[in-house]
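Everything on this sheet refers to the single structure shown next.
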Amino acid sequence: MPRRPLLLVVLAAVISLGLAADLGWRNLQSSRPEVAADEQESGTDSATDALSPLVSADGADRERTDIASRQAQGPRTLREPQGEPTAGQMTPVMKEATVIAVDGEPVVAVADAAAAQEVVDTILASYRESYLSDATVIEDLSFAEVVTWEAGEVEAESIKTVEEAVNVLLLGTDKVATYTVESGDTAWDIALEYGLTTDQLARANPGVDIEWLQIGQELTITYKEPYVHPQSVSQRVVYEGIPFVEERIEDDSLWPWESFVVTPGSWGTREKTVRERRQEGVVVSTEVLASRVTAEPKKQVRRVGIKQVPDLGSGSLVLPLVGEITSYYGPRWGSWHNGIDIAAPTGAPVVAADSGMVTYVGWNGNYGKMVEIDHGGGKMVTWYAHLSDYNVSVGQTVGKGDVIGYVGNTGYSTGPHLHFEIRIDGSPVNPLNYYP
Ligand SMILES: [Zn+2]
């Protein structure tokens, strides 16, 4: 058994005092008249009301003594419903037991104080296993409520096993049903089927990732309101990657589409110690206590080509595609249209507006499949976008009017068309300026 957290030590102390001096349990009910133990069986004193169902129910009525079913009827109380026929008026068998109380309200009876301690230990150990397995420090592991226990005489039938009492405290009932996950099940379906929210299903199955169910997995599908809500404050160490930067060295011996890594970069690592507050396992706040870089990222060095394409263009352009211009250069839909759109069916051939060298063939974000032609001499570059296919490859020299690709609808496009763009020194200009 792992070392108990402070709260349990305190609880144990309270319990010992309670047994020795009749504190705790009775103090929690101090507004009620004191009653001597030998008066309890008479059931006439209000201080014994809380235990009355435990002492009055008979065997045939066992279902109704279930605290959880009682809870579903209304306020959390152990009071037996009135007007109950007590079959044959049999004298209930009484037994010494230990009653566990939550915030002063009696909830469930177990055999003895050791069993009560085991109930609490079991709940907290299960929580620790589910949520704190990678904790480096557990600062607090306790309940949101005050959990105490006290010796008392109860009806023998009402005494729960440790496992039943754990379920009563955590699930609101000891009548726990399970469901075996089948192919195609989702947590949402299962929760709906059994009248639970997915949150309740998750809470009834601590440590189970209900968004990632396995076929054959057993789920607890019984859930009422829990009596206790475990909570924790713990620390753990997490690691984060630190991306590297890339230094680009221009190299005029390489073509613009050529580049290569000289020195590969590598990610760095940051180690963080975080404090997490959890309620029923769910992290409700995170605080970074310490952060240090355990490995510096290593810079990547890349050579990129800037070799000037020779002056290949004639300076007089042909239209890359004949068709209706459906959108002009300039402001459009609150932004700026960097070229012109020419409508044509998918597959219609697209030609080079002027002679030049193909410097890019490939996908380019919203442009989809695209060809770039540098017409050389540092004067002009043209872009042909949303293509369905290519007819050229990078580094190839093309002549004015050569087919370079085919109209398509790739990238950010609502129908087959060519987006044609002319760039001077990297900036788009109005293509129609070149077609007098
Ligand atoms: Zn366009």
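The values are calculated or read from the model by the stated rules, or taken from the named source; none is laboratory data. Since this is a predicted model, take the numbers as computed values, not measurements. Cβ sites come from the backbone with ideal geometry, for glycine too, and all protein chains shown count toward neighbours. Please note that ligands, DNA and RNA were not included when accessible areas were found on the heavy atoms of the full protein model with its side chains. Shrake-Rupley method; radii C 1.70, N 1.55, O 1.52, S 1.80 Å.
Calculate, for segment 178-221, the solvent-accessible area per residue in square angstrom, rolling a 1.4 angstrom probe over the heavy atoms of the protein chains.
For segment 178-221, the solvent-accessible area averages 63 Å² per residue.
Assuming 0.692 mPa s and 37 °C, estimate D for segment 325-434 with Stokes-Einstein, Rh taken as the Kirkwood radius over Cα pairs, in µm²/s.
240 µm²/s
Test of understanding: what is the full-extension gain from Tyr239 to Asp209, defined as 0.36 nm times their sequence separation minus their Cα-Cα distance?
Separation in residues times 0.36 nm, less the Cα-Cα distance, equals 8.6 nm.
Calculate, axis by axis, the spread of Cα positions in segment 385-436 along the three principal axes, and write the results as whole Å, longest axis first.
Per principal axis, max minus min of the Cα coordinates gives 29, 27, 22 Å.
Taking square-rooted eigenvalues a ≥ b ≥ c of the alpha carbon gyration tensor, is segment 250-381 rounded, prolate or oblate, where a/c under 1.5 means rounded and, failing that, a/b exceeding b/c means prolate?
Oblate, because a/c is 1.5 or more while a/b does not exceed b/c.
Taking 4 °C and 1.567 mPa s as the conditions, I'd like the Stokes-Einstein D for segment 231-305 in µm²/s, using the Kirkwood hydrodynamic radius from alpha carbon pairs.
Rounded to a whole number, D works out at 85 µm²/s.
With +1 on each Lys and Arg Cβ and -1 on each Asp and Glu Cβ, how big is the dipole of segment 178-221 about its Cα centre, in debye rounded to the nearest 20?
Dipole magnitude for segment 178-221 comes out near 140 debye.
In terms of the Cα gyration tensor, with a ≥ b ≥ c the square roots of its eigenvalues, is segment 108-243 rounded because a/c is under 1.5, prolate because a/b exceeds b/c, or oblate?
Oblate, since a/c reaches 1.5 and b/c is not below a/b.
For Ser314 and Ile424, compute 0.36 nm times the residue count separating them, minus their Cα-Cα distance, and round to one decimal in nm.
Full extension of this stretch gives 38.1 nm more.
Could you sort the peptides 338-350, 273-285 by per-residue average Cβ neighbour count (10 Å cutoff), highest mean leading?
338-350, 273-285
Round to a whole number: what % of the accessible area of segment 325-434 belongs to carbon and sulfur, probe 1.4 Å?
C and S fraction of accessible area: 53 percent.
What is the log10 of I(q)/I(0) for segment 178-221, computed with the Debye formula using one identical point scatterer on each Cα and no solvent, at q = 0.29, 0.33 Å⁻¹?
Log-scaled intensity ratios, in q order: -1.14, -1.51.
Once you put a point 7 Å from the Cα of Thr269 and another 7 Å from the Cα of Ala156, both along the Cβ direction, what distance in nm separates them?
Label at Thr269, label at Ala156, 6.2 nm between them.
Please give, to one decimal in nm, the separation of the simple spin-label points placed at Ala343 and Val261, each 7 Å out from Cα toward the Cβ.
4.7 nm
Counting only protein heavy atoms, what percent of the accessible surface of segment 231-305 is carbon or sulfur at a 1.4 Å probe?
Solvent-exposed carbon and sulfur of segment 231-305 make up 48 percent of the total.
Tell me, what ³J(HN,Hα) does each residue in segment 123-130 have, in order and in whole Hz, if you take phi through Karplus 6.51 cos²θ - 1.76 cosθ + 1.60 with θ = phi - 60° and put x for Gly and Pro?
Couplings: 4, 6, 5, 5, 4, 4, 5, 6 Hz.
Under a 1.4 angstrom probe, counting protein chains only, how are Trp336, Trp383, Trp212, Trp188 ranked by accessible area, largest first?
The ranking, largest first, comes out as Trp212, Trp188, Trp336, Trp383.
Among Ile215, Ala202, Ile242, which residue has its Cα furthest toward the positive end of the charge dipole of segment 179-254, with +1 on Lys/Arg Cβ and -1 on Asp/Glu Cβ?
So the residue we want is Ala202.
From the Cα gyration tensor of segment 283-322, with a ≥ b ≥ c the square roots of its eigenvalues, which class applies: rounded if a/c is under 1.5, or else prolate if a/b is larger than b/c, or else oblate?
oblate
Run the numbers for Asp112 and Ile325: contour at 0.36 nm per residue of separation, minus the present Cα-Cα distance, in nm.
67.9 nm
Accessible area per residue for segment 325-434 in Å², computed with a 1.4 Å probe and the full protein assembly in place, what is it?
42 Å²
If I model a spin label as a point 7 Å beyond the Cα along the Cα-Cβ vector, how far apart are those points for Ala295 and Ser183 in nm?
Taking the two extended label points, one gets 4.2 nm.
Give the accessible surface of segment 231-305 per residue, rounded to a whole number of Å², with probe radius 1.4 Å and ligands, DNA and RNA excluded.
62 Å²
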